[in-house]
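Asker: Dropping a structure here in structure tokens format, bear with me for questions.
The values are calculated or read from the model by the stated rules, or taken from the named source; none is laboratory data. Owing to the predicted nature of the structure, the values given are computational and were not obtained by experimental measurement. Note that each Cβ is placed from the backbone with ideal geometry, even for glycine, and that neighbours are counted across all protein chains shown.
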Amino acid sequence: MDVKVLGAAGEVGRSGFLVGCEGTNILLDYGVMFGRRGSPPQYPLHVRPKDIDAVVVTHAHLDHSGCVPSLFVSGNTDVYATPPTLDLSELLITDMLKVEKNAHQFDMIELDNMMKNTKGIRYRQKVTKGEAAFELRESGHVIGGSTVLVESEKKRLFYTGDIKTNGSRMLREADMDIGQIDLLITESTYSQTSQKPRMQSERELVEFANEVMDRKGVLFIPSFSVERSQEIACVLQNANFKHKIIMDGMALKVNEIILRHPEYLRNPDIFRRVVNNAVSIRDHSQRRRALRQSSKGDERAEPCVVISPAGMLVGGNAVFYLQELAFDNRNGIALVSYQGEGTPGRMLLETGKVEARGREITVEAEVKQFEFSGHADRDELFAMLRKIEGDPKVLTVHGDGEDCRVFAREIHEEFGWDAHAPSANDLVQV
Ligand SMILES: [Zn+2]
């Protein structure tokens, strides 16, 4: 068995691994790395559809799924993933093609062809293709998200995709009953970071929400549509939050997809209650009205929580909500995801200001950041490694380049395994 690495360890987004199994070739993930400041998107190394027997998509995030339609420009192949991953990939890739018109080497027609060649599989359902057999395992990272086990000639590969071993309010723990492994490809996103215990983040967020409600403010939670928005709504629901929760943007379509796949949730009842109780915003007039409604007939909204994209305040309806809510110190803004360099969210945290429609706004609302990562932190990753049997070769990928290298060194020191952070085009054999 061998693996060709299609994007370097530090190039988060260009995820792609071509697994060769005695003449059968399985592609694991094929993502898009978004260009910074207007530069074009970057793809993993080119793969010809006729050279692969199947592509397996671990989860719907575009850095793992976004380039799959490119395999349908001049051919086709079978696309395996869980049903929620397929539904969400279609939604996210459609949105990407709409937002980044003409930036990509493929279009809706290739996405349609891709969807016609999809094969939904359950966790632990074994698929055999030529000399290779593979199966998906629950990853706890996002709904339908998976790790992958590939077997061939008694060699076993385990690829974590993106993993959150402890799961979340929405998702069960990752399935780590995987046995002996010869080749491990592990994500490294937070390999050098320890996170607060999730319960503590939940308590802090609920406390902040209640403080803002008590002073008759509105709490804006800019949030990624898949599936941070739903996770945050579940956290509030679970804490018996009494005030109105408004959900806006693509999160509503994601809610519909999730409701079609309740068996992938840790607790479908809580999620159904969230969707039933939330106020959905479908257009701009509803959006305006939601913030102007008041039980006392004045121009202020009643205390409520608004969950809307985008998580780093880039696009979505974030600008509208910022302009409506920034100038009143009774309001609050809760940032619940990592704020990338150069994003308005990072600027808000560092300077207390944001730019909206070319104007700089000084934000009077109280701003707080909370840790709700969908990735395993350092402790979780090492706990995961301790569950792996055998003496695997290890590739550390999907993290800051230096973090991947340090993580590989630490793995070698603690377990004695042959570990490194690969470059694009590396070929590893076991
Ligand atoms: Zn992901």
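Asker: Looking at MET170, MET176, can you tell me which residue is part of a loop (DSSP other than H, G, I, E, B), touching a Lys or Arg at 6+ places or on another chain (Cβ under 9 Å), aliphatic (A, V, I, L, M) and within 16 Å of the ligand (Cβ to nearest atom)?
Answerer: Working: MET176 fails: within 16 Å of the ligand (Cβ to nearest atom).
Residue meeting the stated conditions: MET170.
Asker: Here's a follow-up. When you check SER201 against the structure, is it in contact with a helix residue (DSSP H, G or I) (Cβ under 9 Å, 6 or more places away or on another chain) and surrounded by 22 or more Cβ atoms within 10 Å (Cβ to Cβ), yes or no?
Answerer: So SER201 fails the test.
Asker: Does segment 172-179 contain any residue that is crowded, with 22+ Cβ neighbours inside 10 Å, outside the structural domain of LEU291 (by TED's automatic domain parsing) and in contact with a helix residue (DSSP H, G or I) (Cβ under 8 Å, 6 or more places away or on another chain)?
Answerer: Checked segment 172-179: at least one residue is crowded, with 22+ Cβ neighbours inside 10 Å, outside the structural domain of LEU291 (by TED's automatic domain parsing) and in contact with a helix residue (DSSP H, G or I) (Cβ under 8 Å, 6 or more places away or on another chain).
Asker: Report, ordered by the first and then the second residue, all pairs with beta carbons closer than 7 Å, sequence separation of six or more or different chains, a first member in segment 133-153 that is in contact (Cβ under 8 Å) with a residue 40 or more places away in the chain and over 15 Å from THR24 (Cβ atoms), and a second member that is of a type in the set (Asp, Glu) and within 16 Å of the ligand (Cβ to nearest atom).
Answerer: Pairs that qualify, where the first residue is in contact (Cβ under 8 Å) with a residue 40 or more places away in the chain and over 15 Å from THR24 (Cβ atoms) and the partner is of a type in the set (Asp, Glu) and within 16 Å of the ligand (Cβ to nearest atom), are SER139/ASP162; HIS141/ASP162; VAL142/GLU227; ILE143/GLU227; GLY145/ASP162; SER146/GLU138.
Asker: Looking at segment 115-133 only, could you name the residues that are buried (at least 16 other Cβ atoms within 10 Å of the Cβ) and assigned to a loop (DSSP other than H, G, I, E, B)?
Answerer: Scanning segment 115-133 gives ASN117, ILE121, TYR123, GLU131.
Asker: Check GLU187 against each of (1) more than 16 Å from the ligand (Cβ to nearest atom); (2) surrounded by 24 or more Cβ atoms within 10 Å (Cβ to Cβ) and name the one condition it does not meet.
Answerer: The number of the failed condition is (1).
Let's see how each residue does on (1) outside the structural domain of ASP162 (by TED's automatic domain parsing); (2) of a type in the set (Asp, Glu); (3) surrounded by fewer than 21 Cβ atoms within 10 Å (Cβ to Cβ); (4) within 16 Å of the ligand (Cβ to nearest atom):
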{"residue": "GLN42", "(1), (2), (3), (4)": "no, no, yes, no"}
{"residue": "LEU45", "(1), (2), (3), (4)": "no, no, yes, no"}
{"residue": "ASP51", "(1), (2), (3), (4)": "no, yes, yes, no"}
{"residue": "HIS59", "(1), (2), (3), (4)": "no, no, no, yes"}
{"residue": "CYS67", "(1), (2), (3), (4)": "no, no, no, yes"}
{"residue": "LEU71", "(1), (2), (3), (4)": "no, no, no, no"}
{"residue": "ASN76", "(1), (2), (3), (4)": "no, no, yes, no"}
{"residue": "THR82", "(1), (2), (3), (4)": "no, no, no, yes"}
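Asker: Continuing with the same structure: Kindly indicate whether ALA251 is surrounded by 19 or more Cβ atoms within 10 Å (Cβ to Cβ), under 19 Å from the mean Cα position of the chain (by Cα) and of a type in the set (Gly, Ala, Ser).
Answerer: Spelling it out, ALA251 is indeed surrounded by 19 or more Cβ atoms within 10 Å (Cβ to Cβ), under 19 Å from the mean Cα position of the chain (by Cα) and of a type in the set (Gly, Ala, Ser).
Asker: Let me ask another. Name every residue in segment 133-146 that is under 12 Å from GLU173 (Cα atoms) and within 15 Å of the ligand (Cβ to nearest atom), in order of residue number.
Answerer: If the condition is that a residue be under 12 Å from GLU173 (Cα atoms) and within 15 Å of the ligand (Cβ to nearest atom), then GLU138, SER139, GLY140, HIS141, VAL142, ILE143, GLY145, SER146 are the ones that fit.
Asker: Mind listing whichever residues of segment 315-336 are surrounded by fewer than 21 Cβ atoms within 10 Å (Cβ to Cβ) and in contact with a strand residue (DSSP E or B) (Cβ under 9 Å, 6 or more places away or on another chain)?
Answerer: Residues satisfying the conditions are ASN317, VAL319, PHE320, GLN323, GLU324, PHE327, ASP328, ASN329, ARG330.
Asker: Which condition number in (1) closer than 19 Å to GLY167 by Cα; (2) surrounded by fewer than 20 Cβ atoms within 10 Å (Cβ to Cβ); (3) at pLDDT 95 or above is the one that ASN238 fails?
Answerer: (3)
Asker: Could you list all residues from segment 197-255 that are among the charged types (D, E, K, R) and closer than 17 Å to ASN277 by Cβ?
Answerer: The answer is GLU231, LYS242, LYS244, ASP248.
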